[in-house]
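Peer 1: Let me begin by handing over the structure; questions about it come next.
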Amino acid sequence: MLKNTIVVGQTKLDYFIHGQDPKLLLDSGTHGDEYDIIPLVENSVKKYLNQLPSFIYIPQISPSSVALKARNNKDNLNINRSYFTNSEVEEIKAVQKIIENYHFDL
């Protein structure tokens with residue numbers, strides 16, 4: 001599993017790629033008030049690494065929400081309700097940049 005980092009403006013997102021041509025997208029940390037799931041997902045990814053198909057894993061879709069431990073991010077936006085193609089939200093732009101060259105089956 002190869003760790004990568006992308007920076008868009010003030011936002012830094014870590015993500016992991018496993019295998020060639022990832023077909024599975026895994027993520028967590030969309031809402032900061034649900035931060036306790038992040039280590040559980042990460043542990044499961046590590047535990048079942050060899051049984052999973054090629055994937056991209058983004059542990060924290062919204063690191064500012066996680067840091068705030070809040071539903072909304074630093075811009076007071078709920079990422080789920082703000083995710084669209086031409087978004088100006090840095091966290092969304094970073095995620096879009098990570099996945100833009102892939103087609104996921106799941």
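Peer 1: How large is ³J(HN,Hα) for each residue in the stretch 2-11, as worked out from phi by the Karplus curve 6.51 cos²θ - 1.76 cosθ + 1.60 (θ = phi - 60°), to whole Hz, x for Gly and Pro?
Peer 2: The phi angles translate into 9, 7, 10, 9, 10, 10, 10, x, 8, 8 Hz.
Peer 1: Still on this structure: Treat the count of other C-beta atoms within 10 Å as a stand-in for reagent exposure and order Val95, Val45 from fewest to most.
Peer 2: Ascending Cβ contact count within 10 Å gives the list Val45, Val95.
Peer 1: Hey, another quick one. Based on alpha-carbon positions alone, could you give the equivalent ellipsoid semi-axes of the chain from the gyration tensor, as √(5λ), descending, whole Å? Mind dumping the intermediate values first?
Peer 2: Values: eigenvalues 102, 54, 24 Å².
Taking √(5λ) for each eigenvalue gives 23, 16, 11 Å, largest first.
Peer 1: Also, I was wondering about something else. Pull up the DSSP beta bridges for the chain and report the antiparallel fraction as a percent, rounded to 5.
Peer 2: Here the share of antiparallel DSSP bridges comes out near 70 percent.
Peer 1: Which longest uninterrupted range of the chain lacks any chymotrypsin sites (Phe, Trp or Tyr not before Pro) assigned by DSSP to a loop state (not H, G, I, E or B) and surrounded by at most 11 other Cβ atoms within 10 Å? Show your work: numbers first, answer last.
Peer 2: Numbers: sites that count: Tyr48, Phe84.
No qualifying site falls inside 1-47, the longest such stretch.
Peer 1: Just report the Cα centroid separation between the stretch 54-106 and the stretch 1-34, whole Å.
Peer 2: 9 Å
Peer 1: Now, a different point. If each of Lys97 and Asp75 carries a label point 7 Å out from its Cα toward its Cβ, how far apart are those two points in nm?
Peer 2: Here the modelled spin labels are 1.4 nm apart.
Peer 1: Among Ser44, Ser64, rank each residue by its count of other Cβ atoms within 10 Å, from fewest to most, as a rough exposure measure.
Peer 2: Fewest-to-most Cβ neighbours within 10 Å comes out as Ser44, Ser64.
Peer 1: Given 0.36 nm per residue, what is the gain on full extension from Leu68 to Leu49 after removing their alpha carbon distance, in nm?
Peer 2: Result for the pair: 3.8 nm of gain on full extension.
Peer 1: Counting only C-alpha contacts under 8 Å and six or more residues apart, can you give the relative contact order of the chain as a whole percent? Display every interim value, and only then the final one.
Peer 2: Details: 190 pairs, mean separation 36.1, N = 106.
RCO, the chain: 34 percent.
Peer 1: Of all the stretches in the chain, which is the longest one without any exposed loop site, taking trypsin sites (Lys or Arg not before Pro) in a DSSP loop (any state but H, G, I, E, B) with at most 16 other Cβ atoms within 10 Å?
Peer 2: Between the exposed loop sites, the longest stretch runs 24-68.
Peer 1: Under the rule of at least 5 residues apart or a separate chain, name every residue whose amide H is placed under 5 Å from the amide H of Val8.
Peer 2: Leu13
Peer 1: Out of Gln10, Leu24, Asn73, whose Cα points farthest toward the positive end of the dipole of the stretch 2-99 (charges: +1 Lys, Arg; -1 Asp, Glu; placed on Cβ)?
Peer 2: It is Leu24.
Peer 1: Per residue of the stretch 19-34, in order, report the coupling 6.51 cos²θ - 1.76 cosθ + 1.60 (Karplus, θ = phi - 60°) as ³J(HN,Hα) in whole Hz, putting x for Gly and Pro.
Peer 2: Once θ is set to phi - 60°, the couplings for the stretch 19-34 become x, 9, 6, x, 10, 10, 10, 10, 8, 7, x, 6, 10, x, 7, 10 Hz.
Peer 1: Rounded to the nearest 20 Debye, what is the dipole magnitude of the chain about its Cα centre when Lys and Arg each give +1 and Asp and Glu each give -1 at the C-beta? Provide the component values of the computation, followed by the final result.
Peer 2: Details: 11 positive and 13 negative charges, 31 e Å.
The dipole magnitude comes to about 140 debye.
No value in this document is a laboratory result; all are computed from the given coordinates. Values in this document were obtained by computation on a predicted structure and should not be read as measured data. A quick note on method: Cβ atoms are made from the backbone with ideal geometry, for glycine too, and the neighbour counts reach across all protein chains shown.
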